Amino acid sequence: MADCCTPIKKLCWCVLLFFLVAGITGGAIGIYKWHYSGLNRWHGAGSTADFQKIIQERCDTYTQTIRPGSRSRNCQAIRQAFMSAFISKDPCKATKEDYNSLINLAPPTVPCGQQVFWSKTKELAHEYVKRQRLMTLEDTLLGYLADGLSWCGEPGSSDLNIWSCPDWKKDCRTNYLSVFWEVLSERFAESACNTVRVVLNGSLENAFDSMSIFGRVEAPNLRPQVELEAWLVHDTGKPPSDSCSGSSIRKLKSILDGRNVKFRCMDNLSRDQFLQRS
């Protein structure tokens, strides 16, 4: 009787083992899909690969080669403060206070009269400041570290989310990337003194965009008695689409008047003409 039951028992064990393996495999796949879909739920690019390594290397390059005068900055502490600002936190609940420790380690201040702001003219502004030895926000230590990078974490996790991060328009405005640039831009504007400049895109119908970082953060935080020079630069070979008398520039002037900031404007400048200015 025992011998004739052995094949049946073996079959039962095989069937049981099959379903057990299938269940474990299916569960693992389900957990992976659930985890992946959670990490991939945002509309923005995921965290930059090797984020910490890039931050450390850029900081070392900046303090040792680009601006040796900032050698006293502690790059390891800066990297750790950067990570602590957002890691293990809800990527849509960033606050300015989250970045206080980081910014206090490397405030975005530059010598008086050397600041250049920009809006929709990043490459042009950067080319200009290199020629004139001036500085944009991206030429400060923290601006240099973060330029072109993306980052966010997940609540309760010590890892960065490499799959996706919140988009400012499609997901939430209070994401850690956007808030970083806003608070850094605010400090950059607040530290401005003497005459500073902004490069605007004269090829656009509205060269001044009140919803840009410059429009909603930097211009409203310029200190009284600062003088702002606006340069409207249009594409070479094309006529300008906006001017110093246009409605968008009048709106900018209104914001500055409310801050008691002096304002000058120059328009009808081609890219080549602008870059030749001293």
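The values are calculated or read from the model by the stated rules, or taken from the named source; none is laboratory data. Everything quoted here is computed from the prediction, not taken from an experiment. Every residue, glycine among them, receives a Cβ derived from its backbone with ideal geometry; neighbour counts consider all protein chains shown. Accessible surface is based on the protein model in full, side chains and every heavy atom, while ligands, DNA and RNA are left aside. Shrake-Rupley method; radii C 1.70, N 1.55, O 1.52, S 1.80 Å.
Miscellaneous remarks
- Pairs are defined by a Cβ separation below 8 Å, a sequence spacing of at least 6 or placement on different chains, a first member in the range 252-278 that is at positive phi, and a second member that is open to solvent by less than 60 Å² (accessible area, probe 1.4 Å); the pairs so defined are Asn268/Gly202; Asn268/Leu232; Asn268/His234; Asn268/Pro240; Asn268/Ser243.
- The lone criterion from (1) among the basic types (Lys, Arg); (2) at positive phi; (3) under 18 Å from the mean Cα position of the chain (by Cα) left unmet by Lys170 is number (2).
- For first residues located in the range 64-86 and over 21 Å from Glu138 (Cβ atoms), partners that are of a type in the set (Gly, Ala, Ser) and open to solvent by 60 Å² or more (accessible area, probe 1.4 Å) and lie 6+ apart or on another chain with Cβ distances below 8 Å form the pairs Ser84/Ser101.
- When Arg71, Arg41 are checked against the criterion of being within 19 Å of Cys152 (Cβ to Cβ) and not aliphatic (A, V, I, L, M), Arg41 stands alone in meeting it.
- All told, Ser210 meets the bar of being part of a loop (DSSP other than H, G, I, E, B), open to solvent by less than 40 Å² (accessible area, probe 1.4 Å), closer than 24 Å to Leu184 by Cβ and polar (S, T, N, Q).
- Some residue of the range 56-68 being modelled with pLDDT under 95 and β-branched (Val, Ile, Thr): no
- Between Leu137, Leu105, the distinction of being within 14 Å of Ala189 (Cα to Cα) and free of Cβ contacts under 8 Å to residues at least 60 places away in the same chain belongs to Leu137 only.
- Single condition Ala189 does not satisfy, out of (1) open to solvent by 10 Å² or more (accessible area, probe 1.4 Å); (2) in contact with a helix residue (DSSP H, G or I) (Cβ under 6 Å, 6 or more places away or on another chain); (3) modelled with pLDDT of 95 or more: (1)
- The range 253-274, subset polar (S, T, N, Q) and in a strand (DSSP E or B), residue nearest to His126 (Cα to Cα): Ser270
- With a requirement of 3 or more residues that are open to solvent by less than 30 Å² (accessible area, probe 1.4 Å), the helices (runs of 4 or more DSSP H) lying completely within the range 81-184 that satisfy it span 122-132, 141-146.
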